[in-house]
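Written below as C-alpha cells is the structure these notes are about.
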Amino acid sequence: MTSSYFYPQTTKNNANHRLLDEIERWSISNRQQVYVVSKPLGDDKYTYGYENALVILSPKRRLIFVDYGANQSEFNTFVEDFIEDLGSISDKYRYRSAIGRPRDWKDLIVSMTYSASTWNINHALNSASIEEPARQRIAELLISLLTGSINNIDRVSGPEPSTLLDRVKQKILLFDGDQTRFIYQKPTKQQIRIQGLSGTGKTELLLHKLKELYISSEDSRIAFTCHNRILADNLRSRIPEFFDFMKVEQQIKWRERLWCMHAWGSQGEPNSGTYRYICHHYGLPFHPWSRSMNFDTACKIALQQVKEKAGLPPPFDTVLIDESQDFPDSFFELCAASASSNVYIAGDIFQSIFDEEIVARIDPDFLLSKCYRTDPKTLMFAHGLGMGLFESSKLRWLEDAEWEACGYSVEKLAGGRTQRLRREPLRRFEDLAQEGLDSVEIIPSPQSFYPNAAQTIVSTLQQIIRDHPTVNPDDVGIILLDNGSPPFALADELEQLVPRIIGWSVNKAYESKQKLHNSLFISNKNNVKGLEFPFVICVTRSIYRYNSYRNALYMTLTRSFIKTFLIIDEISNQPVLPEIVAGLQGIQRNGYMDVTAPSLEEQALIRTTISVTEDQQSFFDFVSSIFDELDVEDIFRTRLYDIVVNINGEAFDREKISQIVDFNYRQMAGQ
C-alpha cells in the first residue's frame, strides 16, 4: 500500500533507490508529508540536463536540493535553472506579491550531497526545519507551486486574520501523496475508480484531472457528469473560474470539446444530460423516467444498442463521474462504451442516499482517506452516527484493514471486544483545537418539533453571527433531511423569517437548482452533494435506522469545515439520543471513539470489504523483486536492469522479465 504521506515523482533507479527508500521510510514513520521531485509537476516544458539530482519538499522545511551524482558543476546549474523556473511559475500564478522574487526566499533553499556511507536522513530533514511562521508559509507556497496544488494567493496571503473563520479560510492547502498520484499517474486501464470519504477532495481532484486532460490535446472530447442538477450547475460555473485560476490558455469549447451536465437529461435538449447526449450521438431512442423506466433500465437498454453500433466513433474520449455512489453499474458501462480513452469514477460508498443495500465489496484504484474539508472529530461523529457505531445494534462494519484504509488507527481493548478508532489531526483545523471549540453541536428540541424548528434555526444563525462576526450568507447551509411536506413548510417559513430577523436573502435550492451568491442556502438531502460551507445546520426530526437515511445524515454532517449543528427532536429520539450524545462527548473529550464490535454473525451481514488495487509499485522495485526471486548477485544488477529496460521497456510483464534476467544472468555469471 502506498502512503498518503509520500509522493515520489522522481523515477527510481540504481543511483537513487536507497535514497528514495530512506526518505519514504522517514516520511511514513514520522507521519510527515514529503514530496520528491526532479522537476515541477504539471508542466512538461520544464526539463534539465542533469539527471542525478532531486528536490525534497516537506511543509515547515526548506527546499532540499540533493546531488546523488557527485558532479558539483552540473548540480549547481540544475539548482540555478530550477530556482529560475520556480520564480517563473510564481509569476504565472501571481505569487510574487506574496513571496517576492527568488532572492527574497533564497534562505529557504539548501543544497546537500548524497553519499550512502555518510548520509543521515534524520539530520538532513531536521536541519532544514523552519521555525518562523511567516517563512513557513512562504516555503509551503513554494511547495504548492512545485506540486501543482495551487492556492488562491488573494485568499491565503496577507496578515494573520483575527477571526477563526478567516484563519481557517486562509490555510494553505497541499495535495497529499494519494491525491497527487491520482492527478499525475498515467492510467493502466480504462475504468479508474476513486473511493474517497466525504471531504477528501474528490471533486477538486476531478477538476485538476480535467485540466490536465484538456490541455494535453487540442481535440479531446471530455464529459464531466454527476447525479444532480445543482452540483452540475455548480461545476459548470466552477470550471471557467478554475481554468482561469490555473492559467489555462486554451479556450473552453462548450458542447464541442467539453460537456458538464447531470446524468439523465431531457428529451428536448440533447446536451442536457450524459445519457441524453449518448442517445443523440448514436441515434438511439431516449427514455425519460416513468414508473416502469428507472435510470438503470434506461442505461442497460442504451448499452446494448451502443454495442450494436461498435463501428461508430464514440462521443467522448474521457468521462469524469462525480458522486458515483448514486449511480448503477450500468451507467459506468455505458460511459465506458461511449469513451475512447478513460472513465474516472469518483465517489464514496458511505454517502449513497438512494440504495438500501449495503455494498459488500469495493475495489478502488485510488483510496483517499484524509478528509481536508471537515474536522477529524466531525468525520468520526458522522461515521459513528451514519454506521450506527454508538448503538448496540450496528448498521455497517469494517475490518481493521478497512478502518485503516479509511484513515483510522485501530487499537484493540478488552480482549478485542472494543475497538478504539482515532483519526489524526490536520493542519487546517489547528485553530479549532487551540481555541477549544467543538466542531459539532447537537441541539435537541424539547417542544413540538416542526412548529418550533424555524425559531430554533434562527437562534442558531444568530449564535453563528455572534461567534463569527465576519460570517456572510454564503458561509451557511441549512439541510432538511426529512421527507414529506413539513420540511417544505419549514423552508417557506424561513424564507419569511430570515430576511426580517437576520437580514439575509434565502435561496431554496431545491427550487432554484443552483447555489446563489450572497443568499442563505436551504435544501433537502438531494441537492447538496459536492457542496461545502463553513457552517451547516442539519435538521431532522427522528434518527431513522434505514441505511440510505444514515448515509444521507453522514453526507450532510460532513458538509462543514468549521462547525455542524444537528437539530433533532428530543422526545422521538429516545433512547438513541443519550447514546449519540455520549458518543459525541467521547470524541470531543478524547479525540477517539470506543466502539463495541458486533458479533461475528452480525458482522457477516453488515460488513463492507475495501480492497485497493495495488499497481503503484515502481518499475525499479518490480524488477528488483525479480532479482530477489532469482538470487541475482548485487554486482550484476545494474547491468541486468539496463538490459531489461532496453529489451522490454517499462512494461510490468513478470514472465518476460524473468526470462530476460535468467538468460542474461547465466551468461554473465558463466563468464
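Below are the figures for this structure:
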| item | result |
| --- | --- |
| Total charge dipole magnitude, the stretch 460-593, about the Cα centre, Cβ charges on Lys, Arg, Asp, Glu only, Debye to nearest 20 | 320 debye |
| Modelled FRET efficiency - R0 35 Å, Asp104 with Glu249, Cβ distances, 0.05 increments | 0.80 |
| Estimated dipole of the stretch 565-671 in Debye, rounded to 20 [Cβ of Lys and Arg +1, of Asp and Glu -1, Cα centre] | 200 debye |
| Relative packing of 550-562, 326-338, which averages over residues the other C-beta atoms within 10 Å, highest first | 550-562, 326-338 |
| Accessible surface of the stretch 365-498 [probe 1.4 Å, protein heavy atoms]: carbon and sulfur percent | 48 percent |
| For Leu146, net neighbour charge (Lys/Arg +1, Asp/Glu -1) across residues whose Cβ lies under 12 Å away | -2 |
| Reach of Lys92 by Cα under 20 Å, taken over aspartates and glutamates that are not fewer than 8 positions away in the same chain | Asp43, Asp44, Glu80, Asp81, Glu84, Asp104, Glu140, Asp154, Glu212, Glu241, Asp244, Glu249 |
| Charge tally in the Cβ shell below 13 Å around Pro578, where Lys, Arg are +1 and Asp, Glu are -1, Pro578 excluded | -3 |
| Relative packing of 623-632, 386-395, 243-252, which averages over residues the other C-beta atoms within 10 Å, highest first | 386-395, 623-632, 243-252 |
| Relative frequency of Cα-Cα separations exceeding 21 Å in the stretch 561-671, percent | 64 percent |
| Between helix 547-557 and the chain: long-axis angle, C-alpha atoms, 0 to 90°, nearest 10 | 80 degrees |
| Most positive-pole-ward Cα, Gly670, Thr638, Thr11, against dipole of the chain from beta carbon charges | Thr11 |
| Kirkwood-based Rg to Rh ratio, the stretch 523-593, C-alpha trace | 0.96 |
| Whole-number accessible area per residue in Å² for the chain, which is evaluated in the context of all protein chains at 1.4 Å | 43 Å² |
| Relative contact order %, the chain, counting alpha carbon pairs below 8 Å whose residues are six or more apart | 13 percent |
| Heavy-atom accessible surface of the stretch 99-246: percent carbon and sulfur, 1.4 Å | 47 percent |
| Cα centroid separation - the stretch 20-85 against the stretch 123-188, whole Å | 17 Å |
| Filter on Lys211/Lys307; Lys12/Lys209; Lys169/Lys202; Lys169/Lys515; Lys39/Lys186 - keep pairs with C-alpha separation over 21 Å | Lys211/Lys307; Lys12/Lys209 |
| Area of Glu399 that stays accessible when all protein chains are in place (1.4 Å probe, Å², to 10) | 70 Å² |
| Taking the C-alpha atoms of the stretch 168-308, convex hull volume expressed per residue in Å³ | 158 Å³ |
| Between the stretch 439-468 and the stretch 633-671, the Cα center-to-center distance that results, in Å | 69 Å |
| Built amide H within the under 5 Å cut-off of Gly201, gap 5+ | Tyr372 |
| Nonlocal amide H pairs with Phe316, under 5 Å, H built at 1.01 Å | Ser340 |
| Cα pair count fraction exceeding 21 Å, expressed as % - the stretch 51-196 | 53 percent |
| Cα-based equivalent ellipsoid of the chain: semi-axis lengths in Å, sorted from largest, via gyration tensor | 43, 31, 27 |
| Unit charges at the beta carbon, dipole of the chain: most positive-side option, Ile64, Trp504, Ile150 | Trp504 |
| Heavy-atom accessible area ranking, 1.4 Å probe, most first, across Trp403, Trp254, Trp119 | Trp254, Trp119, Trp403 |
| C-alpha long axis of helix 202-216 to longest principal axis of the chain, angle in ° | 50 degrees |
| Nearest-20 debye value, the chain charge dipole, Cβ charges on Lys, Arg, Asp, Glu | 1140 debye |
| Cβ-based charge dipole, the chain, positive-most Cα from Leu531, Ser459, Gly42 | Ser459 |
| Cβ crowding within 10 Å averaged over residues, with 563-574, 654-665 ranked highest first | 563-574, 654-665 |
| Amide H within-cut-off set for Phe224, under 5 Å, with H built and near neighbours excluded | Trp259, Cys260, Met261, Leu320 |
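The values are calculated or read from the model by the stated rules, or taken from the named source; none is laboratory data. Just so it is clear, the structure is predicted and the values come from calculations on it, not from any experiment. Methodologically, a virtual Cβ is constructed for each residue, glycine included, from the backbone with ideal geometry; neighbour enumeration extends over all protein chains shown. All accessible areas refer to the heavy atoms of the entire protein, side chains included, with ligands and DNA or RNA removed. Shrake-Rupley method; radii C 1.70, N 1.55, O 1.52, S 1.80 Å.
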